[in-house]
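This report refers to the structure that appears directly beneath it.
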Amino acid sequence: MSEELKVRIHRSIEELNKRNLDGLDDLYTNKCIFHIPPFPDIQGLDAFKQFVAGVWIGFPDMQGTIEEVIVGGDTSVTRLTERGTHTGQLPNSPIPPTGKEAAWGNCLAAHYVGGKIVEQWEYVDNLGLLQQLGIIPSM
């Protein structure tokens with residue numbers, strides 16, 4: 001099962017890179033819960049798709065590259081590098097487009113039931129991203 005999940009995880013990222021939100025349907029349940037600090041929890045796959053579409057407004061050329069996938073039992077951890085150019089206004093963000101390119105880390109920890117994700121925790125390097133965009137000074 002772990003090799004099958006790895007293949008599905010890779011396929012879902014490939015579909016996202018092609019801007020195909022329906023590519024997530026094979027990996028997530030419709031009632032999946034998404035935890036993406038510092039944002040409020042996202043309830044359901046449709047709401048998550050809307051969230052992702054909003055991120056694409058801010059970073060229309062965004063691409064994810066999987067660095068590593070670890071699967072054990074009913075849990076997976078996926079480490080990604082996201083890249084994009086901040087040319088659009090992110091929904092619900094006071095930060096105007098900067099026009100700057102950025103690359104940031106992203107880690108997804110997921111829990112599966114029946115082969116589909118029912119809950120996911122996403123940890124994004126928001127500090128590094130904001131520093132690259134010039135919003136926060138680099139340390």
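A short reminder: the numbers here are calculations on the coordinates, not readings from a lab. Keep in mind the model is a prediction, meaning the values are calculated, not measured. Cβ atoms come from the backbone with ideal geometry, glycine included; neighbour counts cover every protein chain shown.
What you get for the chain, charging only the Cβ of Lys and Arg (+1) and of Asp and Glu (-1), is a dipole of about 240 debye around the Cα centre. FRET efficiency for the pair residue 111 and residue 6, taken as 1/(1 + (r/R0)^6) with r the Cβ-Cβ distance and R0 = 22 Å, rounds to 0.85. Note on the chain: lysine pairs with Cα distance below 17 Å, sequence gap of 8 or more or different chains, count 5.
Using just its DSSP H runs of length 4 or more, each adding -39500 (n - 2.57), the chain gives a mean residue ellipticity at 222 nm of -8500 deg cm²/dmol after division by all residues.
Cα-Cα pairs above 17 Å in the stretch 2-132: how many percent? Beyond 17 Å sits 58 percent of the P(r) for the stretch 2-132.
If a paramagnetic tag sat 7 Å from the Cα of residue 136 along the Cα-Cβ line, which residues of the stretch 17-54 would have the backbone N under 16 Å from that point? Of the residues in the stretch 17-54, 37-39 have backbone N under 16 Å from the label point off residue 136. A dipole drawn for the stretch 2-132 from +1 and -1 charges on Cβ atoms has a positive end, and of 43, 99, 112 the residue lying farthest that way is 99.
State which stretch of the chain is the longest one without any exposed trypsin sites (Lys or Arg not before Pro), exposure meaning a DSSP loop state and at most 15 other Cβ atoms within 10 Å.
Working: sites that count: 18, 19, 100.
The reported range is 20-99.
Counted by Cβ distance under 10 Å from residue 30, the other residues give a net charge of 0, where Lys and Arg count +1 and Asp and Glu count -1. Distance from the alpha carbon centroid of the stretch 95-138 to that of the stretch 21-45 works out to 15 angstrom. Phi angles of the stretch 66-79 translate, via the Karplus equation with coefficients 6.51, -1.76, 1.60 and θ = phi - 60°, into HN-Hα couplings of 6, 9, 6, 10, 10, 10, x, x, 9, 9, 9, 10, 10, 9 Hz per residue; Gly and Pro are given as x. Across the stretch 6-21, coupling constants 3J(HN,Hα) worked out from phi with the 6.51/-1.76/1.60 Karplus curve, θ = phi - 60°, read 4, 4, 5, 5, 4, 5, 5, 5, 4, 5, 5, 4, 8, 6, 9, 5 Hz, and Gly and Pro carry x.
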